[in-house]
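Below is one structure, written out as structure tokens, with a few remarks after it.
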Amino acid sequence: MEKVLLHCCCAPCSSAIIEWMLANGRQPVLYYSNSNIYPAAEYRIRKNECVRYASKLGLQIIEDTYDHEDWQQMTNGLGEQPERGARCLVCFRMRLLRAAMKAREIGIYTFTSTLASSRWKNLSQISEAGNWAADQVNAAHPHSAQIHFDDRNWRKGGLQQRRNELLRENGFYNQLYCGCEYSLNARLPMMGKDDIRKWMREMKKAYTPEEKKHISQSACTKIITSEIWHGAGTVLLYHALPDEVDTQQLLDNAMSSGKRVLLPKVSGDTLTLHEYHGPASIAVGAYGILEPVTPEYRGREADIAIVPGVAFDRQGHRLGRGKGYYDRLLCRLKAYKIGICFPFQQLGQIPCEEHDILMDETVVCQEEW
């Protein structure tokens, strides 16, 4: 079988093309090169789906270095361009040049891309970018075998319908936007609260519990070293669920520094506050949350309230799980409100309502790559 390097943007777009190749005498070597994707959690989950499908079929998959900062520099000044505009051509050129270079490096002289399967993409831009990438590599090696970009239209021949069938059969994660932050920001106004909640649940699956706990430390450290934390006498914290930013470091520091620590407890349709005195003062309560068993705290003030959420935006809006517990609590509690979240949970904007309580500040965990 003839080997072909297949640049893959995602599993749904790749599946029908891979199936066609295997049935028509081509042996695809998958190349995942998508530094455009934002945030990193979205990159991870799309990559993991490609790896899962490649493993199922026994195919080789190669992952390129994820360098979103490099992609941002390449597209600098093009953020206001619409989809299918100049930014997309630059994006395609970057990714397909890397694919062309990888193809030559491993001795494959035909490459193509699943980008051409998406009805949201401009086929002429993909063809232009792929042929340009081949020309760049060939010009750098004029006395060697030349590489070729297969710029066929992967939407024809029933492949679009087959893509949708394979998506359902394999239970692929089906992304809500093209990939970069600009396409995400264009899509967000059309997403409702439940859409974002569902998407955030998928994003959290990209990380192991150990990884979530590890990156939680950066946000906790930032809070602990802040002036407002040092000056706080009473702090409202929460005991984290497995999918939330882990606050154990904050709990430990608050206790060791002599602060009064409050934890919320679900009481009917409201949250009541109770003092935390260490592990012996909590037990599993509603929704599997560790809650305090101490008497209710009747005060109406705290110096700081550390608030979890499903998503936050840069204007201070917070999206909760939908029950309104924290909105009702925070409207009656005077405190400096700090939202705390993973990187993928901070969005350009989220749907909001008049009764939503704004955060005074949002602290975002830092992810290491």
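Rule-based calculations on the coordinates, nothing more; no lab input. Values in this document were obtained by computation on a predicted structure and should not be read as measured data. Heads up, the Cβs are rebuilt from the backbone with ideal geometry, glycines too, and the neighbour counts pull from every protein chain shown.
Here the alpha carbons of the range 174-309 define both size measures, Rg and Dmax, at 17.4, 51 Å. Rounded to whole Å, give me the distance from the Cα center of the range 177-206 to that of the range 246-309. The range 177-206 and the range 246-309 have Cα centres separated by 31 Å.
Would you please calculate the Kirkwood hydrodynamic radius of the range 243-369 over all C-alpha pairs and express it in Å, rounded to one decimal?
Numbers: mean 1/r = 0.0647 Å⁻¹.
With all distinct Cα pairs of the range 243-369 included, I get 15.5 Å.
Summarising the strand pairing of the range 207-345, around 55 percent of its internal DSSP beta bridges are antiparallel. Here the gap between Ala145 and Val51, fully extended at 0.36 nm per residue and compared with their Cα-Cα distance, gives a gain of 30.8 nm. Compute the angle between helix 193-204 and the longest alpha-carbon principal axis of the chain, please, reported from 0 to 90 degrees and rounded to the nearest 10. Between helix and principal axis, roughly 80 degrees. Over all distinct Cα-Cα pairs of the range 2-190, the Kirkwood formula returns a hydrodynamic radius of 16.7 Å. By the count of other C-beta atoms within 10 Å, a proxy for reagent exposure, Thr114, Thr270 are ordered fewest to most as Thr270, Thr114. Note: relative contact order over the chain, using C-alpha pairs below 8 Å and six or more positions apart, is 14 percent.
Dipole of the range 180-245 computed with +1 at Lys/Arg Cβ and -1 at Asp/Glu Cβ about the Cα centre; of Leu237, Leu188, Cys220, farthest Cα towards the positive end is Leu188.
Listed by Cβ neighbour count within 10 Å, with the fewest neighbours leading, Val261, Val235 appear as Val261, Val235. Over the range 114-192, Cα pairs under 8 Å with separation of 6+ residues give a relative contact order of 26 percent. Taking every DSSP bridge with both residues inside the chain, close to 30 percent are antiparallel.
In the range 141-210 the Cα-Cα distances spread across 10 Å bins starting at 0 as 14, 28, 30, 18, 9, 2 percent of all pairs.
Let's test the formula: R0 of 45 Å, r as the Cβ-Cβ distance of Asp135 and Ser281. What FRET efficiency results, to the nearest 0.05?
On the way: r = 69 Å, r/R0 = 1.53.
That gives a FRET efficiency of 0.05.
Here the contact order of the range 216-364, divided by its residue count and restricted to Cα pairs under 8 Å and six or more residues apart, works out to 22 percent.
Positive contributions from Lys and Arg (+1) and negative ones from Asp and Glu (-1), summed over other residues with Cβ under 13 Å from the Cβ of Ala140, come out at -1.
Here the scattering of the chain is modelled by Debye summation over its C-alpha atoms, one equal scatterer each and no solvent; at q = 0.09 Å⁻¹ the log10 of I(q)/I(0) is -0.61.
Relative to the Cα centre, the charge distribution of the chain, modelled as +1 at Lys and Arg Cβ and -1 at Asp and Glu Cβ, gives a dipole magnitude of about 920 debye. Of all aspartates and glutamates in the structure, the ones whose alpha carbon falls short of 17 Å from that of Lys212, not counting any fewer than 8 places away in one chain, are Glu42, Glu202, Asp243, Glu244, Asp246, Glu367, Glu368. Taken about its Cα centre, the range 216-364 carries a charge dipole of about 220 debye when Lys and Arg each add +1 at the Cβ and Asp and Glu each add -1 at the Cβ.
Over the Cα atoms of the range 271-335, Rg to Rh with Kirkwood Rh, two decimal places? My calculation of the ratio gives 0.98. Here the sum of -39500 (n - 2.57) over DSSP H runs of 4 or more residues, divided by the residues of the chain, equals -12000 deg cm²/dmol at 222 nm, to the nearest 500. The distance between label points at Arg119 and His214 comes to 4.2 nm (points 7 Å beyond Cα on the Cα→Cβ vector). Net charge in the neighbourhood of Asn24 (other residues with Cβ under 13 Å of its Cβ; Lys, Arg +1, Asp, Glu -1) is -1.
Pairs from the table (Lys193/Lys334; Lys213/Lys259; Lys265/Lys323; Lys198/Lys222; Lys121/Lys156; Lys3/Lys102) lying more than 18 angstrom apart at Cα are Lys193/Lys334; Lys213/Lys259; Lys198/Lys222.
Using the number of other C-beta atoms within 10 angstrom as an exposure proxy, rank Met1, Met74 with the fewest first. Could the numbers behind the result be given before it?
Values: Met1 10, Met74 16.
So the ranking, lowest neighbour count to highest, is Met1, Met74.
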